[in-house]
């Protein structure tokens, strides 16, 4: 197996169980990256030659290696992959009565580069690194051996693959999956049209936040921005909201959200409309519309650290407009899925968006990604989703 040796003093983070090795941490004079095949299994050593871990490498990526095992008797192979998948599945089966969940969450399940979402007997897989791509057949085989997994779809069309110089594609690896996904979450059934290309099709990470919202909305007028398929808004409607207006820029998503409302008997309360969220907020404000609760769950405005300043301005703009639409004492659930924006930064964005006449903002709840999206304690990067439920005084 090819060896990568770290520079002196570069092992502290990795010794604390972090899973990423950056290119500038490798002593390329001793163990050059040149000539290593993308995704090739490697052994990582400290500067003194002491074993640190097994993983895989990609010389074309800033993250030149990812660690999969810190045990010298457990190299990265099909057996370890199968063991990790089984461990991840047992965790989810222990927390969910029905098979609708994220089965594998990359680094959080010690399987960097792999994401697996389960929709009953259908499994959707995202492979985001060259190392996992080399194990594609083993991944499909290991997933397919589990009970009640009848269909496996590979949705390897995420732009992040381009950073690893991997091709983008979709393919069916097992079975004959239906054209549309069906999800059961918080006693609501959602259908996902086949043409929608949002990651694996659904966002399980906000499951807990959507459930938590329910206790705040009975009899309230709710605005759900960036609704996608109506997840937050339909949870509000199910919990007794007086009315829910949901906004999304995708016509396909809006039509599907309205169909989901109809199928769940909630169309008398829930209405989704196609519009840009920012423009919709401005128009609603101009019309004098006010809401008791506003949900603001935008896409990631900060995809790279260099975009942080521009992204912060976008979060502030959205939060400022959302607060203008609140009735006195109204509630705002504001979320961010930007990895580079931590909870403190989100709080700052909300604070700096406060209306001048307001004496302050109360934090009622902190929200994070659901338990089937475990974060790795040594990797702050893996705690990517955060949200705040606040009351604007």
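List the extent of the Cα atoms of the chain along each of their three principal axes, largest first, rounded to whole Å.
Projected onto its principal axes, the Cα set of the chain covers 67, 48, 34 Å.
Computed FRET efficiency, Cβ-Cβ of residue 23 and residue 169, R0 30 Å: what is it to the nearest 0.05? Provide the component values of the computation, followed by the final result.
Values: r = 27 Å, r/R0 = 0.89.
Efficiency, from the Cβ-Cβ distance: 0.65.
If I stretch the segment between residue 300 and residue 150 completely, what's the gain in nm (0.36 nm per residue apart, minus their alpha carbon distance), one decimal? Walk me through the numbers on the way to the answer.
Working: separation 150, 0.36 × 150 = 54.00 nm, distance 3.27 nm.
Going from the current span to full extension adds 50.7 nm.
Based only on other Cβ atoms within 10 Å, what is the fewest-to-most ordering of 4, 223?
Numbers: 4 24, 223 29.
Arranged by neighbour count, lowest to highest, 4, 223 become 4, 223.
Any chance you could give the angle, 0 to 90 degrees and rounded to 10, that helix 251-263 forms with the longest Cα principal axis of the chain?
Relative to the chain, helix 251-263 is tipped by roughly 70 degrees.
How much length is gained on full extension from residue 98 to residue 327, taking 0.36 nm per residue of separation minus their Cα-Cα distance?
Numbers: separation 229, 0.36 × 229 = 82.44 nm, distance 3.82 nm.
Extra length from residue 98 to residue 327 when fully extended: 78.6 nm.
Treating the angle as unsigned and between 0 and 90°, give the value, to the nearest 10°, between the Cα long axis of helix 277-286 and the longest Cα principal axis of the chain.
Tilt of helix 277-286: around 20 degrees.
Which value in Å does the Kirkwood hydrodynamic radius of the range 183-392 take, with 1/r averaged over all unlike C-alpha pairs and then inverted?
Numbers: mean 1/r = 0.0582 Å⁻¹.
Hydrodynamic radius (Kirkwood, Cα pairs) of the range 183-392 is 17.2 Å.
Can you give the Rg to Rh ratio for the range 27-115, taking only C-alpha atoms and Rh from Kirkwood?
Details: Rg = 15.6 Å, Rh = 14.6 Å.
Ratio of gyration radius to Kirkwood radius: 1.07.
Could you work out how far apart the two model spin labels at residue 87 and residue 48 are, taking each label as a point 7 Å from the Cα in the direction of the beta carbon, and quote it in nm?
2.7 nm
Can you compute the modelled spin-label distance between residue 78 and residue 136, with each label point 7 Å from Cα toward Cβ, in nm?
1.7 nm
Taking Cα atoms, how many degrees apart are the long axis of helix 308-324 and the longest axis of the chain, rounded to 10 and kept between 0 and 90?
20 degrees
When the helix-only estimate is applied to the chain (DSSP H runs of n ≥ 4, each -39,500 (n - 2.57), divided by the residue count), what is the mean residue ellipticity at 222 nm, nearest 500 deg cm²/dmol? Let's see the in-between values first.
Details: 10 runs with 99 residues, N = 393.
Computed ellipticity for the chain at 222 nm equals -7500 deg cm²/dmol.
For residue 262 and residue 71, FRET efficiency with R0 = 56 Å and r from the beta-carbon atoms, rounded to 0.05? Provide the component values of the computation, followed by the final result.
Details: r = 53 Å, r/R0 = 0.94.
Approximately 0.60, to the nearest 0.05.
What distance in nm separates the simple spin-label points at residue 393 and residue 371, each placed 7 Å from Cα in the Cβ direction?
Result for the modelled spin labels: 3.4 nm.
For residue 343 and residue 381 in one chain, what is 0.36 nm times their gap in residues minus the Cα-Cα distance, to one decimal in nm? Could the numbers behind the result be given before it?
On the way: separation 38, 0.36 × 38 = 13.68 nm, distance 1.21 nm.
This chain segment gains 12.5 nm when fully extended.
Values quoted throughout were computed directly from the atomic coordinates according to the rules given, and no laboratory measurement underlies them. Treat the numbers as computed from the prediction; the structure is a model and nothing was measured. Glycine gets a Cβ as well: all are built from the backbone with ideal geometry, and neighbour counts include every protein chain shown.
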